[in-house]
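Everything on this sheet refers to the single structure shown next.
The values are calculated or read from the model by the stated rules, or taken from the named source; none is laboratory data. The shown structure was predicted, so the numbers you read here are calculated from the model rather than taken from an experiment. Cβ placement follows ideal geometry from the backbone for every residue including glycine, while neighbour counts extend to all protein chains displayed. Areas reflect the complete protein model, heavy atoms only, side chains present, ligands, DNA and RNA absent. Shrake-Rupley method; radii C 1.70, N 1.55, O 1.52, S 1.80 Å.
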Amino acid sequence: QVQLVESGGGLVQAGGSLRLSCAASIRTFGNYAVGWFRQAPGKEREFVAAISWSDGSTATADSVKGRFTVSRNSAKNTAYLRMNSLKPDDTAVYYCAADPSGLVTADSHHYDYWGQGTQVTVSS
């Protein structure tokens, strides 16, 4: 069983930045894909970005493209989501998820392991 722990959420003013981290209980993500999703109150869970641990290829949702960047640090076995130019609409609980197949996809059903989430609140 893989456990994921997100950190880095908080309250920020519109236009500000945050960096979320996702650490795993396993020694290495290896050939996994790591995705970031978010869920705002009353809304469905939404894909944000994902990265292939093996080759670093990424996918990013159009709604955050140009503002959010997904990355990884293999030495620390940690994935990151850098969020710039934050807007009130970005307010949500942000989750990281891991897919052992390594498929970089926006489809949440492909991800077997999920963290507990970290709250991001953007004030206007």
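Modelled with pLDDT of 95 or more, out of contact with any Phe, Trp or Tyr (no Cβ under 6 Å at 6 or more places or on another chain), part of a strand (DSSP E or B) and open to solvent by less than 40 Å² (accessible area, probe 1.4 Å), is that true of ALA49? Before you say what the answer is, go through the steps one by one.
Working: modelled with pLDDT of 95 or more: yes; out of contact with any Phe, Trp or Tyr (no Cβ under 6 Å at 6 or more places or on another chain): no; part of a strand (DSSP E or B): yes; open to solvent by less than 40 Å² (accessible area, probe 1.4 Å): yes.
For ALA49, the condition - modelled with pLDDT of 95 or more, out of contact with any Phe, Trp or Tyr (no Cβ under 6 Å at 6 or more places or on another chain), part of a strand (DSSP E or B) and open to solvent by less than 40 Å² (accessible area, probe 1.4 Å) - is not met.
Of all residues in the stretch 88-123, count the ones that are under 13 Å from the mean Cα position of the chain (by Cα), closer than 17 Å to SER57 by Cα and open to solvent by less than 50 Å² (accessible area, probe 1.4 Å).
The qualifying residues number 7.
Could you please find all residues in the stretch 75-124 being of a type in the set (A, V, I, L, M), under 18 Å from ILE26 (Cα atoms) and out of contact with any Phe, Trp or Tyr (no Cβ under 6 Å at 6 or more places or on another chain)?
The initial filter retains those residues of the stretch 75-124 that are of a type in the set (A, V, I, L, M), namely 75, 79, 81, 83, 86, 92-93, 97-98, 103-104, 106, 120, 122.
Then keep just the ones that are under 18 Å from ILE26 (Cα atoms); that gives 75, 79, 97-98.
Within the stretch 75-124, ALA75, ALA79 meet the criteria.
Looking at THR28, is it surrounded by 13 or more Cβ atoms within 10 Å (Cβ to Cβ), farther than 16 Å from GLY115 by Cβ, out of contact with any helix residue (DSSP H, G or I) (no Cβ under 9 Å at 6 or more places or on another chain) and polar (S, T, N, Q)?
Details: surrounded by 13 or more Cβ atoms within 10 Å (Cβ to Cβ): no; farther than 16 Å from GLY115 by Cβ: yes; out of contact with any helix residue (DSSP H, G or I) (no Cβ under 9 Å at 6 or more places or on another chain): yes; polar (S, T, N, Q): yes.
So THR28 does not fit the description; no.
Considering only the stretch 66-87, how many residues are open to solvent by 60 Å² or more (accessible area, probe 1.4 Å) and either touching a Gly at 6+ places or on another chain (Cβ under 7 Å) or on the phi < 0 side of the Ramachandran plot (or both)?
Of all residues in the stretch 66-87, those open to solvent by 60 Å² or more (accessible area, probe 1.4 Å) come to 66, 69, 72, 74-76, 82, 85, 87.
From what's left, either touching a Gly at 6+ places or on another chain (Cβ under 7 Å) or on the phi < 0 side of the Ramachandran plot (or both): 69, 72, 74-76, 82, 85, 87.
Number satisfying all stated conditions: 8.
Which residues, counting only those in the stretch 2-31, are on the phi > 0 side of the Ramachandran plot and modelled with pLDDT under 95? Don't jump to the end; show me each part of the working.
Step one: list which residues in the stretch 2-31 are on the phi > 0 side of the Ramachandran plot, which gives 8, 10, 15, 30.
If the condition is that a residue be on the phi > 0 side of the Ramachandran plot and modelled with pLDDT under 95, then GLY30 is the only one that fits.
Quick one: count up the residues across the stretch 1-17 that are open to solvent by 30 Å² or more (accessible area, probe 1.4 Å), out of contact with any Cys (no Cβ under 8 Å at 6 or more places or on another chain) and of a type outside the set (Gly, Ala, Ser).
4
Answer yes if at least one residue in the stretch 53-65 is in a loop (DSSP other than H, G, I, E, B), under 18 Å from ALA106 (Cα atoms) and of a type in the set (Val, Ile, Thr), and no otherwise.
Pass one, the stretch 53-65, residues in a loop (DSSP other than H, G, I, E, B): 53-57, 61-65.
Among the residues that remain, those that are also under 18 Å from ALA106 (Cα atoms) are: 53-57, 61-65.
Now drop any that are not of a type in the set (Val, Ile, Thr), which leaves 64.
Checked the stretch 53-65: at least one residue is in a loop (DSSP other than H, G, I, E, B), under 18 Å from ALA106 (Cα atoms) and of a type in the set (Val, Ile, Thr).
Exactly one condition in (1) touching a Gly at 6+ places or on another chain (Cβ under 8 Å); (2) open to solvent by less than 20 Å² (accessible area, probe 1.4 Å) is false for ALA61; which is it?
(1)
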